Amino acid sequence: MSQTSSYVADRPIPVRKGPSGPDANTPRYWFDNDPFMSHFFNAISSMFPEGERFFIRSVRNFSDSISDAQLREQVRSFVQQEAQHFKEHDEHAALLSAQGFRVLDRLNRFAATGLNWTTKHLPRYALASTVATEHVTAVFADQVMQRSDLWLEPMVPEMRRLWRWHAIEETEHKAVAFDVYQECIEQGSQSGLWLRRFAMAQVLMGFFLEAFMRHSLLLIKDRQFSPRVLWNGMRQMWGRQGLIRAFHPEIWQFFRADFHPWQLDNVELLDGELEALRTDGFAAA
Ligand SMILES: [Fe+2]
Ligand SMILES: [Fe+2]
């Protein structure tokens, strides 16, 4: 039994309705009045809905081949959690669109076409990409929760609740797609291992390029693509306590043959963050 199975046996993956997210009264620069960081999180947020619909389709493609009853149950919760996420981030995307950032809608339509094609024609690769992206997301969530003083506290309350809730749920279900991949594709095979590694290499390039492009477009559209804003932002990303610098060592673990998402055991952190979310006014946590 994998480590995740014993974790989930004690704690089923809960399905909650999301907290109420941003609305027209939310400030444009909702992260500490900082355009660079607000648009960084806006760029990531805008990538979630099409990505999450893709993850759901990719995992569902294999749901009939899963024999483990507990894993089938986890897949149901995974689908429901991701469906709540894309609903909330769709609403945030609509708000960004109303603020004039319609370029994101065009990018999302383009992304949806490619992702739909992949789940239809390359289901094994789609699942491998899902597993890789879920790891990137889980490591990102872990960093955001570990340094909530740097990455969550500066947000306005409605955004803080949204991002904390999403980070918590990404952690709760971080091994589901991986376990499906292990049971249905990898099963100790070299071909399955290399497909997963190849998918991660592609995801790392694609994810960061796409995030960088979206982030730049938002800053340009907002006339915030200035040397001062970029310099301050780069320090937050790559400086001593930078988000990306802290984030990358865990990413590489994925390439190990014996990798499992719960080797990064952050259950205690998760409990602390659930408590923080309740204290912050989200009763469903
Ligand atoms: Fe999600
Ligand atoms: Fe996820």
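The numbers here are math on the coordinates, done by the rules we state, and not lab data. None of the values given here were measured: they were computed from a predicted structure. Positions of Cβ are backbone-derived with ideal geometry, glycine not excepted, and every protein chain shown enters the neighbour counts.
Points to keep in mind about this one:
- Shape category assigned to the stretch 95-147 from the gyration tensor of Cα positions, a/c cut at 1.5: oblate
- Spatial extent of the chain: Rg and Dmax, with the Cα atoms as the point set, Å: 18.3, 55
- Rounded to the nearest 10 degrees, the inclination of helix 123-146 to the longest alpha-carbon principal axis of the chain is 50 degrees.
- Per residue, the convex hull volume that the Cα atoms of the stretch 55-152 enclose (Å³): 120 Å³
- Neighbour counting of Cβ atoms within 10 Å sorts the residues Met234, Met200, fewest neighbours leading, into Met234, Met200.
- Loop-exposed trypsin sites (Lys or Arg not before Pro) per DSSP, neighbour cap 12 Cβ within 10 angstrom, longest uninterrupted part of the chain: 103-222
- Taking the C-alpha atoms only, the angle from helix 190-221 to the longest principal axis of the chain is near 10 degrees.
- FRET efficiency, 1/(1 + (r/R0)^6) with R0 25 Å, evaluated for Arg235 and Lys87 via beta carbons: 0.15
- Whole-Å distance, taken between Cα centres, linking the stretch 36-88 and the stretch 89-131: 12 Å
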